[in-house]
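To start, the structure under review is shown below, and the notes come after it.
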Amino acid sequence: SAEVAGQSSARHKARILGYFLERVCAGDRQEAASQAQLVQALQLVVLPVLRAAVAKGETDTVLAPSAVATIVDRLLDVTVTYAEPLKIELLRLSTLLIHSAPARLVDHRKELIKFAWNHLKSEESVSKQ
């Protein structure tokens with residue numbers, strides 16, 4: 001996963017992220033990925049691709065404003081109940097975005113604060129650590 005992420009062009013990384021977001025946000029529930037599949041995709045594909053993009057200075061190309069909006073509006077939606085492993089991966093994703101692309105997140109501050117607050121007030125201890 002890190003090898004693919006490191007060798008891919010910025011445009012290819014953007015397409016990988018776009019494909020992931022299409023699968024996650026599929027309108028047809030049969031096409032939508034399960035939470036276990038999302039965890040695997042985040043761990044093995046999305047996060048390594050984004051880390052490689054950050055390391056190579058490709059954040060602006062890989063993280064289009066529409067991709068950031070989809071991530072914040074669909075994946076970090078506080079009205080959706082996620083299993084603990086997916087919560088952890090989404091926290092990792094949001095942390096990576098906040099550290100690497102803060103300018104892209106300015107328009108989404110309110111949603112990010114809600115997402116973080118929702119996890120801070122959570123009774124489950126694993127996602128707080």
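The values are calculated or read from the model by the stated rules, or taken from the named source; none is laboratory data. Since the structure is predicted, the reported quantities are computational estimates derived from the model, not experimental observations. All Cβ positions, glycine included, derive from the backbone under ideal geometry; neighbour counts span all protein chains shown. For the accessible areas, the whole protein counts, side chains as well, though only heavy atoms, and no ligand, DNA or RNA atoms are used. Shrake-Rupley method; radii C 1.70, N 1.55, O 1.52, S 1.80 Å.
Here are some notes:
- Angle between the chain longest axis and helix 84-100 axis [Cα atoms, degrees, rounded to 10]: 50
- Surface accessible to a 1.4 Å probe, per residue, for the residues of the chain, Å²: 59
- In this structure, D77 and V4 have a Cβ-Cβ separation that, at R0 = 41 Å, corresponds to a calculated FRET efficiency of about 0.90.
- Helix-only arithmetic for the chain: the sum of -39500 (n - 2.57) across DSSP H runs with n ≥ 4, divided by the residue total, places the mean residue ellipticity at 222 nm at -17000 deg cm²/dmol.
- The fraction of accessible area contributed by carbon and sulfur in the chain is 54 percent, rounded to a whole number (1.4 Å probe; ligands and nucleic acids excluded).
- Under a Gaussian network description of the chain, with springs only between Cα atoms under 10 Å, the residue in A33, A55, A14 that fluctuates furthest is A55.
- Fluctuation leader among T95, T70, T59 - the chain, Gaussian network, Cα springs under 10 angstrom: T95
- Largest to smallest in accessible area, the residues R11, R74, R109 fall in the order R11, R109, R74 (1.4 Å probe, all protein chains included).
- Total lysine pairs under 25 Å (Cα atoms) in the chain, excluding pairs fewer than 8 apart on one chain: 9
- Top of A53, A64, A83 by mean-square fluctuation, Gaussian network on the chain, Cα under 10 Å: A83
- Structure-derived Rg and Dmax of the Cα atoms in Å: which label, when the choices are (1) 16.9, 52; (2) 16.2, 50; (3) 14.1, 41: (3)
- Straightening the chain between I98 and A36 buys 19.9 nm, computed as 0.36 nm per residue apart minus the Cα-Cα spacing.
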